[in-house]
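Down below is the structure, laid out as structure tokens.
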Amino acid sequence: MASRLKPFDPGFAVYVHWPFCLSKCPYCDFNSHVRAKPVDEKRYVAAFRAELAHRAALAPGRTVSSVFFGGGTPSLMAPATVAAILESIASHWSMAPGAEITLEANPTSVEAERFRGYRAAGVNRVSLGVQAMNDPDLKALGRLHTAEEAMRAVEVAASVFDRASFDLIYARPGQSVQAWRAELTEALRRAPEHLSLYQLTIEPDTMFERLRDAGRLTLPDTETGRQLWDATQELMERAGMPAYEVSNHARPGGESRHNLIYWRYGEYAGVGPGAHGRLLTPRGRVAHSTEKHPEMWLTVVEADGHGLVENDLLSNEEQGDEFLLMGLRLAEGIDPLRYEKLTGKSLDAGRIASLRDDGMIEIAADGFLRVTSEGFPVLDAVVADLAA
Ligand SMILES: C[S@@+](CC[C@H](N)C(=O)[O-])C[C@H]1O[C@@H](n2cnc3c(N)ncnc32)[C@H](O)[C@@H]1O
Ligand code: SF4
């Protein structure tokens with residue numbers, strides 16, 4: 001059986017975090033900060049260069065299959081800043097032919113004007129944060145753009161870039177299943193090759209958490225949440241864009257190659273404030289994360305040449321848990337033999353049998369273990385059971 005495990009390389013990716021936004025959305029707990037004064041982008045470029053050199057020394061000779069500018073709002077960066085960072089990446093590693101280079105953009109008209117500059121810098125894919133298709137809901141989400149402006153940005157993106165995606169948030173305060181079905185149907189008429197559909201999560205220490213706790217935010221109950229999920233899967237499958245990951249849908253071939261590297265437990269370098277990385281070093285698989293506060297990160301990088309605050313060798317068991325946590329999010333599932341290779345032990349046969357009996361997981365003909373459509377709405381519990 002063990003011979004079935006083919007050498008499998010999910011690829012090598014670089015994540016670049018830009019931590020600034022024009023305003024803070026009330027639901028968001030990403031590492032994003034609002035600054036009254038313009039950001040000194042030249043100083044940031046120098047710090048990004050230093051961090052890239054540092055990671056390249058730890059992971060030399062790789063071929064980069066994907067770069068992702070995430071945030072925050074990377075579409076606030078000058079195209080010249082993006083170009084300088086991409087040049088630095090290409091000076092340390094070789095770029096795979098046709099490497100995916102994605103930039104997360106907020107869909108305002110000002111940002112759409114910069115799209116051509118990003119393309120000239122080397123970006124070939126954008127991910128737009130549309131979030132909702134009507135103005136009252138966009139306002140309630142604290143967004144600075146209108147629905148019309150967002151759709152215009154989607155059109156501009158389609159004319160400028162080879163590939164595009166947009167994000168919507170559902171299960172919003174007061175949203176009915178009927179309203180979401182109509183909204184998603186409308187979104188599908190405008191959809192590029194990829195859509196990310198996130199169920200609203202109330203994150204700790206956000207404005208939405210404070211409003212909910214004060215009884216001023218009425219969210220869909222668990223049953224409505226499940227109906228919203230089911231409606232999403234139904235409409236997306238019918239449109240030929242099934243989920244390839246819990247919240248991500250694509251036409252065949254339109255999947256985000258960058259995120260697939262994370263979910264397939266590949267290797268990635270993360271640079272910028274609060275970025276995470278996983279590198280295969282001679283010591284073993286190492287978990288990295290950097291100082292989150294932007295100005296503090298700058299100071300530390302300028303002094304030490306990197307902003308790492310976490311640089312930990314992962315035990316076999318930790319790697320196994322991470323592999324399950326990431327891989328079971330994917331419709332394709334995981335190869336149990338890769339789990340064995342990472343951890344030196346097999347998955348618990350008794351737990352597999354009981355999850356199979358409950359209809360939560362299945363073993364495909366290729367030996368991959370995957371979560372079923374019944375299991376996905378309770379994915380956290382399924383992963384916890386298998387990883388225990
Ligand atoms: C890094 S964020 C934002 C990118 C970009 N700044 C924007 O706002 O358009 C990526 C995506 O996560 C989703 N997201 C952020 N916070 C969320 C929450 N609390 N619940 C559900 N989705 C969330 C949004 O759809 C967002 O576009
Ligand atoms: S959702 Fe996007 S724009 Fe809003 S605060 Fe978070 S990162 Fe910034």
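The values are calculated or read from the model by the stated rules, or taken from the named source; none is laboratory data. This one's a predicted model, so the numbers in the text were calculated from it and none came from an experiment. No Cβ is skipped: glycine too gets one built from the backbone with ideal geometry, and neighbour counts run over all protein chains shown.
One residue stands out among those in the range 22-40 that are under 16 Å from Trp297 (Cβ atoms) and assigned to a loop (DSSP other than H, G, I, E, B): the one that is nearest to the chain's Cα centre (by Cα), which is Phe30. Looking at the structure I just gave you, is Arg114 closer than 16 Å to Ser75 by Cβ, surrounded by fewer than 22 Cβ atoms within 10 Å (Cβ to Cβ) and within 16 Å of ligand 2 (Cβ to nearest atom)? Yes: the conditions hold for Arg114.
Every condition in (1) surrounded by fewer than 18 Cβ atoms within 10 Å (Cβ to Cβ); (2) at pLDDT below 95; (3) more than 16 Å from ligand 1 (Cβ to nearest atom) is met by Glu87 except one, and the failing one is (2). Within the range 122-139, being surrounded by fewer than 16 Cβ atoms within 10 Å (Cβ to Cβ) and either free of Cβ contacts under 8 Å to residues at least 40 places away in the same chain or touching a strand residue (DSSP E or B) at 6+ places or on another chain (Cβ under 9 Å) (or both) holds for Asp135, Pro136, Lys139.
In the set Arg152, Arg143, Arg181, Arg119, only one residue is in contact with a Cys (Cβ under 9 Å, 6 or more places away or on another chain) and either surrounded by fewer than 20 Cβ atoms within 10 Å (Cβ to Cβ) or not acidic (Asp, Glu) (or both); that residue is Arg143.
Taking the criterion of being surrounded by fewer than 17 Cβ atoms within 10 Å (Cβ to Cβ) and assigned to a strand (DSSP E or B), the residues of the range 289-331 that qualify are Ser289, Val309, Glu310, Asn311, Asp312, Leu313.
So, Arg152, is that one under 20 Å from Thr73 (Cβ atoms), touching a residue at least 40 places away in the same chain (Cβ under 8 Å) and within 11 Å of ligand 1 (Cβ to nearest atom) or not? Here the answer is no, as Arg152 does not meet what is asked. A single entry from Ala80, Ala57, Ala53, Ala90 fulfils the requirement of being without any contact (Cβ under 8 Å) to a residue 60 or more places away in the chain, over 22 Å from Val154 (Cα atoms) and touching a His at 6+ places or on another chain (Cβ under 9 Å): Ala57. Residues in the range 343-380 that are out of contact with any strand residue (DSSP E or B) (no Cβ under 8 Å at 6 or more places or on another chain) and part of a loop (DSSP other than H, G, I, E, B): Gly344, Lys345, Ser346, Asp348, Asp358, Gly359, Ala365, Asp366, Gly367, Ser373, Glu374. Anything in the range 155-194 that is among the polar types (S, T, N, Q) and away from ligand 1 (no atom under 12 Å from the Cβ)? List them, or say none. Those that are among the polar types (S, T, N, Q) and away from ligand 1 (no atom under 12 Å from the Cβ): Ser159, Gln175, Ser176, Gln178, Thr185. Inclusion of Arg43 among residues that are surrounded by fewer than 20 Cβ atoms within 10 Å (Cβ to Cβ), outside any helix (DSSP H, G or I), more than 10 Å from ligand 1 (Cβ to nearest atom) and of a type in the set (D, E, K, R) is not warranted. So how many residues does the range 218-229 have that are free of Cβ contacts under 8 Å to residues at least 24 places away in the same chain and more than 14 Å from Thr201 (Cα to Cα)? The qualifying residues number 1.
Of Val45, Val14, all but one fail to be within 17 Å of Pro294 (Cβ to Cβ) and among the β-branched types (Val, Ile, Thr); the exception is Val45. Just one residue in the set Ser75, Ser66 is in a strand (DSSP E or B), surrounded by 21 or more Cβ atoms within 10 Å (Cβ to Cβ) and of a type outside the set (Phe, Trp, Tyr); that residue is Ser66.
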